[in-house]
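Notes to accompany the following structure.
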Amino acid sequence: MTMKFGINRIMSFLEKMVINYKPGFLKKMVKASLLIVYYSKSGNTKKMAEAIADGARTVKNVEVVLKTVEEATNKDLVTADCIILGSPSYFRLPAWPVKKFIDESVEVFELLKGKKGGVFASAAGKKGAKVCLQGLKDMLEEHGIIIVRRGLIGLIVKGRPSVKDVEVSCKEYGAMMARTVCEV
């Protein structure tokens, strides 16, 4: 008897949903997930990651998850709608913990295809940062992740992030990525 009551309640709910359906209704109920994964030794990339997260949090209906490469898991990658990967540039390449994290994500290789993504890097020089960004981009694209581009491949900060870098560039990048993940 309780099972029938439960089923009837479910059927009634579904009927109301169909009858009262308005475009965008479900989108308002469900938040998009934006995952920011980064590595930082000196703290520069961490500052950038935190500011990107702050900018993304200004957009409604987006859940922002911020994790270091040591904390992030393959499950985090699979459940995210958008993945932003960040690293300092070491000899023009992403830091080895980022490469290790991506190498270990081979277990979810086919499951990330079609997700949106972005990249950011801190570096002593612009040339090294551009090569590092390309490496990060290649890592995500190998998974089938679609890199969101607005001009450059991603975000670069040369040296220690300034107040302007953090308050403007990083936050704007985070908000832009969050708006993109909410687009249909």
Take residue 135 and tell me if it is assigned to a helix (DSSP H, G or I) and either in contact with a helix residue (DSSP H, G or I) (Cβ under 7 Å, 6 or more places away or on another chain) or modelled with pLDDT of 90 or more (or both). yes
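For every residue, the table says whether it meets (1) assigned to a strand (DSSP E or B); (2) modelled with pLDDT under 60; (3) within 14 Å of the chain's Cα centre (by Cα).
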residue: 14; (1), (2), (3): no, no, no
residue: 37; (1), (2), (3): yes, no, yes
residue: 50; (1), (2), (3): no, no, yes
residue: 67; (1), (2), (3): yes, no, yes
residue: 70; (1), (2), (3): no, no, no
Report, by residue number, each residue of segment 99-124 that is within 15 Å of the chain's Cα centre (by Cα) and surrounded by fewer than 13 Cβ atoms within 10 Å (Cβ to Cβ). 113, 114
Mind listing whichever residues of segment 56-93 are surrounded by fewer than 23 Cβ atoms within 10 Å (Cβ to Cβ) and in contact with a Gly (Cβ under 9 Å, 6 or more places away or on another chain)? 57, 58, 59, 90, 91, 92, 93
When you go through 46, 100 one by one, which is the residue that is without any contact (Cβ under 8 Å) to a residue 60 or more places away in the chain, over 21 Å from residue 170 (Cβ atoms) and outside any loop (DSSP other than H, G, I, E, B)? 100
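The values are calculated or read from the model by the stated rules, or taken from the named source; none is laboratory data. It should be emphasised that the depicted structure is a prediction, and the values quoted were computed from it without experimental measurement. Cβ sites come from the backbone with ideal geometry, for glycine too, and all protein chains shown count toward neighbours.
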